[in-house]
Amino acid sequence: MAKPGHTWNRSRSLEEDEDEEDPVDAMISRTGCMAQHRELQECMAARQDWRHCQPQVRAFGECMARRQRAEE
């Protein structure tokens, strides 16, 4: 019978993890909307409430919508 908790062992160092780009960041970077995404992240970190970041939410959404229309 398995022991409670996980048995996963970390085989990589934290430095190796920091060297790898986050897959979500890589995807957003390919859209050309990384600046808007970073501004939204910074607002969220500062304000802790997405409702206070509506200009950034709209800017990011509009950028992603432009990208999607360009692909069609």
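The values are calculated or read from the model by the stated rules, or taken from the named source; none is laboratory data. Keep in mind the model is a prediction, meaning the values are calculated, not measured. All Cβ positions, glycine included, derive from the backbone under ideal geometry; neighbour counts span all protein chains shown. Calculation scope for accessible area: heavy atoms of the full protein, side chains included, ligands and nucleic acids excluded. Shrake-Rupley method; radii C 1.70, N 1.55, O 1.52, S 1.80 Å.
Laid out as a table, the results:
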{"read-out": "Karplus-derived HN-Hα couplings along the range 23-40 (A = 6.51, B = -1.76, C = 1.60, θ = phi - 60°), whole Hz, x at Gly and Pro", "value": "x, 5, 4, 5, 5, 5, 4, 5, 7, x, 10, 5, 4, 5, 5, 5, 4, 5"}
{"read-out": "Selection from P55, A65, I28 lying farthest towards where the dipole of the range 27-69 points positive, charges on Cβ", "value": "A65"}
{"read-out": "Cα-based Rg / Dmax (Å) for the range 24-72", "value": "11.2, 36"}
{"read-out": "Per-residue HN-Hα couplings for the range 55-61 [Karplus 6.51, -1.76, 1.60; θ = phi - 60°; Hz; x = Gly/Pro]", "value": "x, 6, 4, 5, 4, 5, x"}
{"read-out": "The range 27-69, relative contact order in percent, only Cα pairs under 8 angstrom and at least six apart counted", "value": "44 percent"}
{"read-out": "With all protein chains modelled, accessible area of V24 [1.4 Å, Å²]", "value": "80 Å²"}
{"read-out": "With every protein chain in place, the range 27-69: carbon and sulfur % of accessible area (1.4 Å)", "value": "52 percent"}
